[in-house]
Structure formats: structure tokens, C-alpha cells
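The values are calculated or read from the model by the stated rules, or taken from the named source; none is laboratory data. Values in this document were obtained by computation on a predicted structure and should not be read as measured data. Using ideal geometry, Cβ is built from the backbone for each residue, glycine included, and neighbour counts are taken over all protein chains shown.
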Amino acid sequence: MANKKAPAKMEDLLRADNFDFSTVQILDNDGKVVNEELMPELSDEELVTFMEDMVFYREWYNRTQALSRQGRLGFVAPTTGQEASQLGTIAATTEDDIIFPGYRDIPQLMQHGLPSYKAYLWSKGHVEGSTYPEDFRAYPPQIIIGAQYVQTAGAALGIKKNGRKAVAMTWTGDGGSSQGDVYEGMNFAGAYKAPAIFVIQNNGWAISTPREFQTAAPTLAQKAVAAGIPGIQVDGMDILAVYAVTKAAREYAIAGNGPVLIETLCYRFGPHSLSGDDPKRYQPEGAQEEWRQRDPLNRYRKFLTEKGLWSEEKENEVVENTKEAAKEAIKQAESTPKQKVSDFLKNMFETPDYVTQEQIEYYEAKENK
Ligand SMILES: Cc1ncc(C[n+]2csc(CCOP(=O)(O)OP(=O)(O)O)c2C)c(N)n1
Ligand SMILES: [Mg+2]
């Protein structure tokens with residue numbers, strides 16, 4: 001997983017004619033810095049925030065899983081193992097950026113400003129989980145794998161035409177990377193030099209289909225080549241590397257150079273979703289244990305502890321706060337009035353088409369009886 005060659009330079013990685021897709025890493029499994037050159041400039045406080053966020057979302061998922069098992073939620077896609085990939089990418093954005101998450105990307109949405117109870121409402125299929133204020137620059141999680149790449153290309157072109165200094169950013173998976181939409185989105189954004197950041201979170205699995213069945217290509221990052229845009233493969237269990245690469249990609253895109261593709265190598269420690277698949281039936285024995293050695297929290301905990309910036313006490317405090325936050329969020333979600341069919345229909349289009357309008361009237365009449 002480590003760099004095979006001399007430490008990569010960011011300006012070389014961000015060239016469309018760079019065909020070296022070696023994995024970029026800053027922290028190794030033991031939390032030692034192996035690539036000083038790429039180390040992002042961060043204050044101690046910012047370094048600590050990364051750990052707080054990763055601990056928060058690991059525990060958030062634990063609480064979410066417990067609530068799901070109590071039958072209090074609907075669709076849930078586990079995030080354990082992907083914290084560095086998810087939080088490192090979103091940390092490089094600002095609220096001016098437009099994000100297009102997939103169904104597993106709830107942490108990015110929450111970091112971007114989604115109130116946590118809405119994440120639970122979304123899971124329950126409640127329309128209010130996908131009702132966002134006008135100034136919240138995000139789209140609800142995409143279920144159709146890869147579709148968000150096309151939307152991101154369009155949004156990025158809009159950003160460019162409006163002369164805004166921002167990017168549109170999206171995430172798909174190793175499975176999603178085989179979808180036609182992914183190529184179309186990257187190609188379009190490349191042709192128009194639209195400021196998009198395309199992330200492929202390669203967690204090894206598309207439900208039960210392993211990464212090696214997706215493509216004969218040795219890396220997913222190299223899919224950028226045909227679109228004429230830079231492609232970078234990064235150790236997705238290393239939050240510093242993920243952050244550094246995404247931040248540089250954002251600056252590159254905002255400077256008018258066009259989009260970047262980032263492949264984050266990570267692993268799905270849980271099942272595909274909490275709807276019933278059992279990874280033991282399709283993942284090779286020992287794979288989980290092997291990837292656990294690369295756990296993003298462990299290596300970063302070692303790194304921060306060595307610097308005197310982290311302690312068990314601090315970690316316990318974050319865990320306790322997360323439990324409280326999850327309790328509050330589910331309370332608020334469960335006290336939200338039940339949705340009506342008409343609410344659902346009204347959230348379909350800004351101006352409903354004729355058929356939808358007819359349905360809204362039909363259901364409103366029924367609901368008001
Ligand atoms: C267009 C489309 N085809 C099939 C599905 C069914 N499906 C849901 S998730 C999934 C696997 C996606 O795997 P990956 O892109 O690696 O993302 P991950 O779940 O691992 O995060 C599939 C095939 C879908 N949602 N959309
Ligand atoms: Mg996957």
C-alpha cells in the first residue's frame with residue numbers, strides 16, 4: 001500500500017499525463033509519517049478535529065446500528081472502515097461547494113451541515129429527510145449508483161458559468177465506477193474544464209461482488225486517463241493523505257484546470273447494508289483482520305498520541321457526546337409528524353407537472369376528510 005517510489009509531489013500528481021497511479025500515503029499503519037513532502041499544513045487543533053470526527057462517526061454508526069436492530073430505522077449503509085475516506089474528502093470542502101453523496105455518504109452530508117435528525121428521517125424514508133433549505137448546497141443521497149457523477153458534472157459547469165469559486169463534489173464506489181454515468185460525467189466535466197471532484201471509494205466490494213470482477217484495470221484512478229483529467233489513488237485509511245490530495249484537487253479545480261478523479265483505497269468492515277447480507281458468506285477468510293491492521297482510527301490515534309494530542313479520556317468523552325447526539329437525533333426524528341402522501345408528492349418538483357399536481361389534489365382531498 002505504501003508508495004513504491006520516491007515521495008510523490010502534488011504538482012506531479014495533478015497532471016493529466018501522469019500515468020503513475022501508485023498509492024499516495026502520508027501515515028503508515030503504525031501512524032508514522034512516511035511522506036513529509038505531502039504533509040498538509042494543519043494546526044494542532046485541526047489535527048485533533050480529524051480524530052474527533054472519526055471517533056464521532058464510528059460511534060454514530062454503532063448507535064445507528066443499534067437503532068436499526070430495534071426496528072426504528074429503515075435503510076442503513078455501514079460506514080465503519082471508511083471514516084478517513086469520507087471525512088478526509090469532505091474536510092477539504094467548504095459550505096460553498098455543492099455535494100452529491102451516495103447512500104453510504106451520510107457522514108459527509110452531516111459534516112456539510114445536514115441536521116442529524118434528518119439523516120435518521122432519510123433512513124426511515126420520510127420526506128423531511130430529503131427536504132433541504134435553499135442555501136444548503138447538497139443533494140439527498142443517491143441510490144442509483146453512479147448517477148451522481150452526471151449531476152455533479154452539470155452542477156460544476158453551473159458553478160463555472162456563475163463565476164463562483166467553488167467545486168461540485170461526489171462519491172461513488174468501486175461498483176459504481178463500472179457504470180456508464182461515471183464515464184459520461186467525468187468526460188463532460190473534463191471537456192468543459194468544470195470544477196468537479198470525483199471520488200471513487202474503493203471499499204473492495206459492491207455488495208458481494210469483489211473489486212477484481214469490476215474491471216481488468218489495475219487501478220480505478222486510471223479511469224481518469226480517457227477523460228483527460230488527473231487521477232490519483234490514495235490510501236483511503238489515511239485521513240491526512242486523503243485530505244491533502246482532496247484539498248490540492250479542489251485548488252486545482254477552482255483555478256480553472258478542470259476536474260480531478262480520486263480513488264480512495266479502503267474497506268467495508270460491515271455488511272453492505274443492514275437489510276440482511278452476511279459478508280462472511282462472500283468475503284475471504286482473514287480479509288477483515290488484514291484490513292483491520294490498517295484501521296484509519298488506530299493509525300491516527302497512534303500519530304496523535306505520539307504528539308501528545310490525544311488520550312483515552314478525550315476519546316471516551318467524544319464517544320459519550322456522540323451517544324447523546326444520537327439520542328437527541330432519534331428523539332427529534334421520532335417526534336416529527338408522520339408524512340402524508342401529498343407531502344411526498346410536493347417534494348418531487350419545484351413546479352409539479354400535470355400528473356403530479358392531479359395526484360397532490362387527490363391525496364390532499366383524502367387526507368383532509
Ligand atoms: C444503477 C444501479 N444498479 C444497481 C443498483 C443496486 N445496487 C445497490 S448498491 C450496489 C453496489 C454498489 O457498490 P459500490 O459502488 O462499490 O458501493 P458501496 O456499496 O460498496 O459503497 C448495487 C449494485 C443500484 N442501486 N443502481
Ligand atoms: Mg464498494
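Condition check ((1) in contact with an Asp or Glu (Cβ under 8 Å, 6 or more places away or on another chain); (2) within 16 Å of ligand 2 (Cβ to nearest atom)) across all residues:
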| residue | (1), (2) |
| --- | --- |
| Y192 | no, no |
| Q214 | yes, yes |
| V225 | no, no |
| Y243 | no, no |
| Y267 | no, yes |
| P271 | yes, yes |
| K280 | no, no |
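Of these, T172, T152, T131, which one is closer than 28 Å to F56 by Cβ and either touching a Lys or Arg at 6+ places or on another chain (Cβ under 7 Å) or within 16 Å of ligand 2 (Cβ to nearest atom) (or both)?
T172
State whether the residues of the range 343-361 include one that is within 18 Å of L87 (Cβ to Cβ) and either out of contact with any helix residue (DSSP H, G or I) (no Cβ under 9 Å at 6 or more places or on another chain) or of a type in the set (A, V, I, L, M, F, W, C) (or both). No, the range 343-361 contains no residue that is within 18 Å of L87 (Cβ to Cβ) and either out of contact with any helix residue (DSSP H, G or I) (no Cβ under 9 Å at 6 or more places or on another chain) or of a type in the set (A, V, I, L, M, F, W, C) (or both).
If you scan the range 32-46, which residues turn out to be part of a helix (DSSP H, G or I), in contact (Cβ under 8 Å) with a residue 24 or more places away in the chain and farther than 19 Å from M10 by Cβ? If the condition is that a residue be part of a helix (DSSP H, G or I), in contact (Cβ under 8 Å) with a residue 24 or more places away in the chain and farther than 19 Å from M10 by Cβ, then D44 is the only one that fits. M39: under 30 Å from K124 (Cα atoms) and at pLDDT 95 or above, yes or no? In short, no. Might you let me know whether the range 145-160 holds any residue that is surrounded by fewer than 22 Cβ atoms within 10 Å (Cβ to Cβ), under 14 Å from the mean Cα position of the chain (by Cα) and in the same structural domain as A84 (by TED's automatic domain parsing)? Looking for residues that are surrounded by fewer than 22 Cβ atoms within 10 Å (Cβ to Cβ), under 14 Å from the mean Cα position of the chain (by Cα) and in the same structural domain as A84 (by TED's automatic domain parsing), one finds at least one in the range 145-160, hence yes. Determine whether I98 is among the β-branched types (V, I, T), closer than 24 Å to Q288 by Cα and away from ligand 1 (no atom under 16 Å from the Cβ). Taking the combined requirement at face value, the residue does not satisfy it. Can you name every residue in the range 189-221 that is among the hydroxyl-bearing types (S, T, Y) and either near ligand 1 (Cβ under 10 Å from one of its atoms) or not in a loop (DSSP other than H, G, I, E, B) (or both)? Matches in the range 189-221: S208, T209.
Mind telling me which of the residues A287, A206, A196 ends up being modelled with pLDDT under 95 and hydrophobic (A, V, I, L, M, F, W, C)?
Residue meeting the stated conditions: A287.
Looking across L309, L304, L297, one residue alone is under 30 Å from Q233 (Cβ atoms) and in contact with a Lys or Arg (Cβ under 8 Å, 6 or more places away or on another chain). It is L297.
The residues listed here are G88, G71; of these, the one that is at positive phi and in the same structural domain as M237 (by TED's automatic domain parsing) is G71. Is it the case that T305 is within 16 Å of ligand 2 (Cβ to nearest atom), under 22 Å from V55 (Cβ atoms) and β-branched (V, I, T)? Considered against the rule, which asks whether it is within 16 Å of ligand 2 (Cβ to nearest atom), under 22 Å from V55 (Cβ atoms) and β-branched (V, I, T), T305 comes out as no.
Is it true that E361 is loosely packed, with under 15 Cβ neighbours inside 10 Å, part of a helix (DSSP H, G or I) and either in contact with a Leu (Cβ under 8 Å, 6 or more places away or on another chain) or not β-branched (V, I, T) (or both)? So E361 fits the description; yes.
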